[in-house]
Amino acid sequence: MAVKVLTEPGHETRVFDLTGPEALRFGDIAAGLSKLLGRTVPFVNVSDGAAYRTFLGYGLEPAYAFALVSLYQHYRKGSRSCVSVNVELLTGQEPRGLDSYLQENLGAFGG
C-alpha cells in the first residue's frame, strides 16, 4: 500500500486513515485474544495518573508521557472509532479483521 502511495502520482497532498473493517476498543482486542488462546486475557483499565507515572518510570519525557495519556483519553471516548474504506481503495482488497490478524500472528501472542 505504501508503495502505491509513494510511487504513483496524485497522492502528494492526501492523508489516508487506514483501518480494519471494524472499530475496536482495547477490551475487544483482549476478548479476541482470549478466544484465540483459550484463556482469559484481561483488559485492565489503568487510570491516567498511573499511566503517566508508569511512562515516566520507563524514562519517557514528561511531555511525551502527557501526549500518550491524552491519546489514550481520545481512544477511551471513541473519538478515533472510525472505519475507513481506504485500504480497499488503495489495494483493491478488503482489510482483514481482528480475528484474521490475531490468527495470522498467533506466535507473537504466545499461541
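Where a number appears in this text, it was derived from the coordinates with a stated rule and is not lab data. This one's a predicted model, so the numbers in the text were calculated from it and none came from an experiment. So basically every Cβ, Gly included, is an ideal-geometry build from the backbone, and we count neighbours across all protein chains shown.
Here are a few things to note about the model shown:
- Fluctuation leader among Gly78, Gly97, Gly38 - the chain, Gaussian network, Cα springs under 10 angstrom: Gly38
- Using C-alpha pairs below 8 Å separated by at least 6 residues, the relative contact order for the chain is 43 percent.
- Extreme residue, positive dipole direction of region 6-111, given options Thr91, Gly107, Pro21 (C-beta unit charges): Gly107
- For region 42-54, 3J(HN,Hα) per residue [Karplus equation, 6.51 cos²θ - 1.76 cosθ + 1.60, θ = phi - 60°, Hz, x = Gly/Pro]: x, 9, 10, 7, 8, 5, 4, x, 5, 4, 4, 5, 5
- Acute angle (nearest 10 degrees) that the helix 26-37 long axis makes with the longest principal axis of the chain, alpha-carbon atoms: 90
- In order along region 62-68, the Karplus-derived 3J(HN,Hα) couplings, from 6.51 cos²θ - 1.76 cosθ + 1.60 at θ = phi - 60°, round to x, 5, 6, 4, 4, 4, 5 Hz, and Gly and Pro are given as x.
- Where trypsin sites (Lys or Arg not before Pro) fall in DSSP loop in region 1-56, at most 15 other Cβ within 10 Å: Arg14, Arg25, Arg39
- The magnitude of the dipole of the chain, with charges of +1 and -1 set on the Cβ of Lys/Arg and Asp/Glu and taken from the Cα centre, is near 400 debye.
- Mean residue ellipticity (222 nm) of the chain, computed from DSSP H runs ≥ 4 via -39,500 (n - 2.57), nearest 500: -15000 deg cm²/dmol
- Whole-Å semi-axes of the chain's equivalent ellipsoid (Cα gyration tensor): 29, 23, 13
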